[in-house]
Amino acid sequence: MLKPSRLSRGLRFASQTPPRDTRYARINDADLKNFEKILGKSYVKTEEIDSFNKDWTKWYSGNGACVLLPSTSEEISAILRHCHERRIAVVPQAGNTGLVGGGIPVHDEVILSVRRMNREFDFDPDTGVLSCDVGHVLEELEGKVGEFGYMMPFDLGAKGSCLIGGNLSTCAGGIRLLRYGSLHSHLLGLRVVLPDAKGSLVEFGSELRKDNTSLHAHHLFLGSEGQLGVITGVKMTCVTKPISVQSAMLGVNTFDECRKILRIAKTKLGEILSSFELMDRETIGVLEDNLQFSNVIKTNPRFNILVETSGTNIDHDREKVDNFLEYCLSERLANDGVQAKSAEEHRLMWRLRESATIALTLDGIVFKNDFSLPLHSFYQLTEEVRARVGGAAKRVVCYGHMGDGNSHLNVTSTKENADRVYKMLYPFVYEWVVKHGGSISAEHGIGQLKRPYVNLGKSTEERNLIRSLKTLFDPREILNPYKFL
Ligand code: FAD
Ligand code: 2HG
Ligand code: ZN
């Protein structure tokens with residue numbers, strides 16, 4: 001018989017864990033034998049699976065007793081057919097870098113990892129269309145399409161570990177969205193296996209840029225967090241790799257000035273603007289304290305803005321960035337401005353922004369947030385939270401993709417204070433965001449973290465329609481249960 005997992009339940013606030021649904025079968029030896037018949041013995045793991053049962057944040061740990069590692073859509077179809085018949089709950093998992101516990105079992109769901117789904121790779125340099133399996137690591141895809149003079153239309157700090165399947169399932173955002181739009185702008189088609197009686201393998205869309213011959217149903221899977229079907233392949237557009245990438249940092253006194261600078265960046269940098277990121281003073285503080293990094297801007301400004309441009313002409317782009325900086329300084333919107341003059345300086349600027357997530361983990365407990373907010377109230381929430389939690393928290397920091405209105409407000413605390421800080425934060429921040437016209441998930445998703453709050457601001461009609469869609473795709477509700485659908 002299967003041994004129970006030795007993992008602890010991790011840090012989980014009791015109110016967020018729904019009880020195990022007894023409609024789901026517990027897997028037995030006969031199930032394992034069947035999985036072994038489909039995949040071969042080596043790809044049905046029951047030992048040393050703790051890393052699949054624990055998420056990146058270490059907040060969530062499941063008791064999935066078995067990890068399945070298929071390498072083809074047909075194998076996934078056979079697995080889902082069996083799980084449908086036996087009503088076994090399944091959690092799809094990709095690179096396991098998600099920040100909301102979406103790819104981790106809540107109880108004893110089987111973990112279906114797509115890590116081995118990385119055979120197909122096809123790229124058409126004329127159209128820029130990529131067709132591939134979903135188990136490719138984002139950074140590796142970036143390198144592969146790079147050989148043809150293209151790049152992926154999005155980029156994340158987790159690029160070295162996350163897989164394109166996970167990116168699609170979370171509808172990942174990242175630092176290039178301002179320029180290239182969301183994954184919806186690039187998706188052309190998907191291959192999906194449904195958790196129905198047949199384990200149906202469905203090809204949605206095509207590799208054509210323009211194809212209005214059906215409903216664009218594949219878009220439903222973007223951001224569906226593994227609750228509608230298992231995505232096994234994708235067809236999407238890539239973008240041409242810029243010849244010139246320029247970065248600059250500005251030191252700014254007030255958030256109001258940051259907003260003005262964003263508008264100026266849009267007009268003065270225009271078509272070459274590719275990122276507009278924010279880090280407040282406290283974010284720089286955590287980088288200095290926990291990673292011993294030093295800021296590129298030496299005057300310890302209240303806000304740091306990191307601007308990037310991507311274009312085709314180095315001299316032209318540098319001149320544009322120079323003019324933009326000069327304008328911001330002469331208008332006294334910024335106190336400081338530095339343009340990266342070398343690849344090393346560019347790397348140092350981005351290292352600051354991309355290391356914030358890691359630096360915070362060294363504080364102890366981290367309460368992560370991922371809000372879309374109208375710019376006029378973007379930083380107000382951080383200030384209110386700072387006043388609200390007072391000395392109970394270790395740190396309240398705000399960074400994020402300001403150009404897209406996406407704030408990553410993170411609050412850290414000691415283990416002893418965690419419960420207190422949690423209660424001060426939730427549901428206060430979620431209600432605040434909805435009241436101010438924002439969204440409680442700009443890019444990371446709902447997962448386990450935000451599940452109790454997913455209906456905030458949503459109408460009954462919308463919720464009912466979405467429930468019906470779930471039932472249509474997953475009639476026995478076996479795929480990623482206990483999550484938001
Ligand atoms: P996983 O974590 O394995 O899974 C994520 C979700 O997708 C789960 O619900 C899972 O069930 C589902 N899933 C996975 N594969 C499939 C599949 N084949 N079919 C159906 N469902 C599936 N996110 C951003 O949006 N922007 C950022 O800038 C960003 N930066 C990050 C920086 C760091 C340092 C870290 C650790 C994370 C960051 N993230 C960011 C969050 C995370 O990297 C993304 O959500 C990423 O898209 C998850 O990909 P993954 O392969 O790790 O997926
Ligand atoms: C980022 O933008 C990621 O760096 C992670 O989305 C955000 O650490 C976070 O909260
Ligand atoms: Zn982000």
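The values are calculated or read from the model by the stated rules, or taken from the named source; none is laboratory data. Here the structure is a predicted model, which means the values were calculated and not measured. Note that we place each Cβ from the backbone using ideal geometry, even for glycine, and neighbour counts take in every protein chain shown. The area values use the complete protein model at the heavy-atom level, side chains included, leaving out ligands, DNA and RNA. Shrake-Rupley method; radii C 1.70, N 1.55, O 1.52, S 1.80 Å.
A compact table of results
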{"read-out": "Residue check, residue 421 open to solvent by less than 60 Å² (accessible area, probe 1.4 Å) and within 24 Å of residue 183 (Cα to Cα)", "value": "no"}
{"read-out": "Residue within the range 155-168 that is part of a strand (DSSP E or B) and more than 16 Å from ligand 1 (Cβ to nearest atom) present", "value": "no"}
{"read-out": "Of residues in the range 442-468 being among the basic types (Lys, Arg) and open to solvent by 80 Å² or more (accessible area, probe 1.4 Å), the one nearest to ligand 3 (Cβ to nearest atom)", "value": "451"}
{"read-out": "Candidates 438, 445 - the one that is over 20 Å from residue 277 (Cβ atoms), touching a residue at least 60 places away in the same chain (Cβ under 8 Å) and not assigned by TED's automatic domain parsing to the domain that holds residue 275", "value": "445"}
{"read-out": "Failed item, numbered, when residue 274 is tested on (1) within 16 Å of ligand 2 (Cβ to nearest atom); (2) over 17 Å from residue 186 (Cβ atoms); (3) open to solvent by less than 20 Å² (accessible area, probe 1.4 Å); (4) not aromatic (Phe, Trp, Tyr)", "value": "(2)"}
{"read-out": "Residue in the range 167-182 that is most open to solvent (accessible area, probe 1.4 Å), counting only those that are within 20 Å of residue 121 (Cα to Cα) and more than 14 Å from ligand 3 (Cβ to nearest atom)", "value": "169"}
{"read-out": "Candidate set from the range 384-398 (those that are of a type in the set (D, E, K, R) and outside any loop (DSSP other than H, G, I, E, B)); member that is surrounded by the most Cβ atoms within 10 Å (Cβ to Cβ)", "value": "395"}
{"read-out": "Yes/no for residue 91 being away from ligand 2 (no atom under 16 Å from the Cβ), open to solvent by less than 10 Å² (accessible area, probe 1.4 Å), of a type in the set (A, V, I, L, M) and closer than 23 Å to residue 176 by Cβ", "value": "no"}
{"read-out": "Output for the range 233-247, where each listed residue is open to solvent by 30 Å² or more (accessible area, probe 1.4 Å) and part of a strand (DSSP E or B)", "value": "235, 240, 245"}
{"read-out": "Inter-residue pairs, beta-carbon under 6 Å, first among the acidic types (Asp, Glu) and in the range 353-366, second open to solvent by less than 20 Å² (accessible area, probe 1.4 Å), 6+ apart", "value": "363/412"}
{"read-out": "Counted residues, the range 355-383 - those being out of contact with any Leu (no Cβ under 9 Å at 6 or more places or on another chain) and of a type outside the set (A, V, I, L, M)", "value": "8"}
{"read-out": "Qualifying positions in the range 348-363 - touching a Gly at 6+ places or on another chain (Cβ under 7 Å) and not polar (S, T, N, Q)", "value": "354"}
{"read-out": "Residue that is nearest to ligand 1 (Cβ to nearest atom) [pool: residues in the range 334-349 that are hydrophobic (A, V, I, L, M, F, W, C) and out of contact with any strand residue (DSSP E or B) (no Cβ under 7 Å at 6 or more places or on another chain)]", "value": "348"}
{"read-out": "Residue match in the range 111-127 (condition: in a helix (DSSP H, G or I), charged (D, E, K, R) and either in contact with a His (Cβ under 6 Å, 6 or more places away or on another chain) or away from ligand 3 (no atom under 16 Å from the Cβ) (or both))", "value": "no"}
{"read-out": "Flag for residue 270 being of a type in the set (Gly, Ala, Ser) and within 16 Å of ligand 1 (Cβ to nearest atom)", "value": "no"}
{"read-out": "Residues being farther than 21 Å from residue 288 by Cβ, out of contact with any helix residue (DSSP H, G or I) (no Cβ under 7 Å at 6 or more places or on another chain), open to solvent by 30 Å² or more (accessible area, probe 1.4 Å) and away from ligand 3 (no atom under 14 Å from the Cβ) - total across the range 345-383", "value": "4"}
{"read-out": "Test: residue in the range 416-435 that is touching a Ser or Thr at 6+ places or on another chain (Cβ under 6 Å), hydrophobic (A, V, I, L, M, F, W, C), assigned to a loop (DSSP other than H, G, I, E, B) and not assigned by TED's automatic domain parsing to the domain that holds residue 287", "value": "no"}
{"read-out": "Qualifying residue in the range 47-57 (condition: within 15 Å of ligand 1 (Cβ to nearest atom), assigned to a strand (DSSP E or B), open to solvent by less than 20 Å² (accessible area, probe 1.4 Å) and without any contact (Cβ under 8 Å) to a residue 60 or more places away in the chain)", "value": "no"}
{"read-out": "Check on residue 252, under 30 Å from residue 482 (Cβ atoms), among the aliphatic types (A, V, I, L, M) and open to solvent by less than 10 Å² (accessible area, probe 1.4 Å)", "value": "no"}
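Per-residue answers, yes or no, for (1) over 23 Å from residue 245 (Cα atoms); (2) part of a loop (DSSP other than H, G, I, E, B):
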| residue | (1), (2) |
| --- | --- |
| 173 | no, yes |
| 188 | yes, no |
| 196 | yes, yes |
| 207 | yes, yes |
| 212 | yes, yes |
